[in-house]
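**Q** First the structure, which I've put down as structure tokens, then a few questions once you've had a look.
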Amino acid sequence: MRQIILLVLFAFTSIGGVSPVAAQAWPDRPVTMVVPFAAGGGTDLLGRIIAKRLAEVLGQQIVVENVGGAGGMIGSARVVKSPPDGYTMVIGTTADAINQTLYKAPLYNYAADLVPAGLMGDQPTVLLARKDFPANNLQEFAALVKADPGSVKNGSAGVGSTGHLFCELLHAALGIKGVIHVPYRGGGPAMQDLIAGRYDYICTLGPTGKQLIEANNVKGIAILQPKRSPELASLASTAEQGLPDFDVRTWFGLFFPKGTPEPIVRRLNAALGETLDSPWVHERFKDIVANVAPRDERSPEYLKKLVDTETAKMGAAIRAAGIEQF
């Protein structure tokens, strides 16, 4: 009789999720990390750095799988539908926060369908202009654009991309209206046309900016955060140029499907913390102009608040810019 009762209790605790015993043993096989963007991009590079060291910390292989499409939604939606057993996770980014408003019917609810496990870090945004653009700093940039906004063109990797919205937030902070937006099908074509001088400026990730500035292909105007970056030391910050509180960057975190047991979430969070403290990870992050998440910003609770704040912030930017939903 006692055996029957124990079996019933075990079955009850296992329904819809993972048994306590399995949670304690996690991970006992390889874990899949879904990167919801194409291989070779910023999210992919950062994810592979983390995966390599995290696998050593956990003692299990981390299989990186690229599942791109719909601004990151396809990959994240796949993880949302995965079993909540701790063996499938996704890199969530600022793009997920954007998609919640950009799409009329997003494939998942970012706040409800994914469980935050921990923030990995972020990459700064830079304001780049064509090489012969008349302005050399943010003040000159604002004055020039305000004088005749209808003659100025702002490029981006696409409507609703992080760079598009970050530039819209910059416009709002500077009081700029009426600039012509030129969307491209991805960052590569957009960068090629900026180098060719076919439009005036773009807001893009730091690694891209670093390469183009060092090659003298474009003009760097500002790094869009309060402090300079050691990897982009020549770019003055927004705080140095009259916008002390302006800060837009792309952040990256790890998420599990809803229903993943708390012990697994905490185990991954602890392993991620050890991973981020590795000198090797710090060096690799510098190579891609990324910042390691500070220790006080690595908790699941912090990442949950960040998701809520960023979703609201990006939603407001989309509505203010009059961007039509997909």
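The values are calculated or read from the model by the stated rules, or taken from the named source; none is laboratory data. All of these numbers come straight from a predicted model, not from anything done at the bench. Backbone-built Cβ (ideal geometry, glycine too); neighbour counts: all protein chains shown.
**Q** Tell me, yes or no, whether segment 136-145 has at least one residue that is of a type in the set (A, V, I, L, M, F, W, C), under 23 Å from GLY206 (Cα atoms) and in a loop (DSSP other than H, G, I, E, B).
**A** No, because not a single residue in segment 136-145 is of a type in the set (A, V, I, L, M, F, W, C), under 23 Å from GLY206 (Cα atoms) and in a loop (DSSP other than H, G, I, E, B).
**Q** Within segment 39-65, which residues are under 24 Å from ASP113 (Cα atoms) and either among the acidic types (Asp, Glu) or touching a Pro at 6+ places or on another chain (Cβ under 8 Å) (or both)?
**A** THR43, ASP44, ILE62, VAL63, GLU65
**Q** Another question, if that's okay. Tell me the residue from GLY163, GLY158 that is in contact with a Lys or Arg (Cβ under 7 Å, 6 or more places away or on another chain) and not assigned by TED's automatic domain parsing to the domain that holds THR309, please.
**A** Values: GLY163 fails: in contact with a Lys or Arg (Cβ under 7 Å, 6 or more places away or on another chain).
Criteria check complete, one pass: GLY158.
**Q** Looking at segment 207-235, which of the residues that are in contact with a strand residue (DSSP E or B) (Cβ under 6 Å, 6 or more places away or on another chain) and assigned to a loop (DSSP other than H, G, I, E, B) is nearest to ASP287 (Cα to Cα)?
**A** It comes out as SER229.
**Q** Oh, and also: Quick one: how many residues across segment 174-191 are assigned to a helix (DSSP H, G or I) and modelled with pLDDT of 95 or more? Please lay out each step first, then the result.
**A** Keep residues of segment 174-191 that are assigned to a helix (DSSP H, G or I), which gives 174, 187-191.
Within this subset, residues satisfying the condition of being modelled with pLDDT of 95 or more are 174.
Qualifying residue count, segment 174-191: 1.
**Q** Condition check: modelled with pLDDT of 95 or more, among the β-branched types (Val, Ile, Thr) and buried (at least 17 other Cβ atoms within 10 Å of the Cβ). Does VAL80 satisfy that? Before the answer, list the steps.
**A** Working: modelled with pLDDT of 95 or more: yes; among the β-branched types (Val, Ile, Thr): yes; buried (at least 17 other Cβ atoms within 10 Å of the Cβ): yes.
Spelling it out, VAL80 is indeed modelled with pLDDT of 95 or more, among the β-branched types (Val, Ile, Thr) and buried (at least 17 other Cβ atoms within 10 Å of the Cβ).
**Q** Among the residues in segment 106-114, are any within 15 Å of ILE323 (Cβ to Cβ), at pLDDT 95 or above and in the same structural domain as PRO27 (by TED's automatic domain parsing)? Don't jump to the end; show me each part of the working.
**A** Applying the first criterion (within 15 Å of ILE323 (Cβ to Cβ)) to segment 106-114 yields 106.
Retained after the next criterion (residues that are at pLDDT 95 or above): 106.
Restricting the remaining residues to those that are in the same structural domain as PRO27 (by TED's automatic domain parsing) gives 106.
Within segment 106-114, one or more residues are within 15 Å of ILE323 (Cβ to Cβ), at pLDDT 95 or above and in the same structural domain as PRO27 (by TED's automatic domain parsing).
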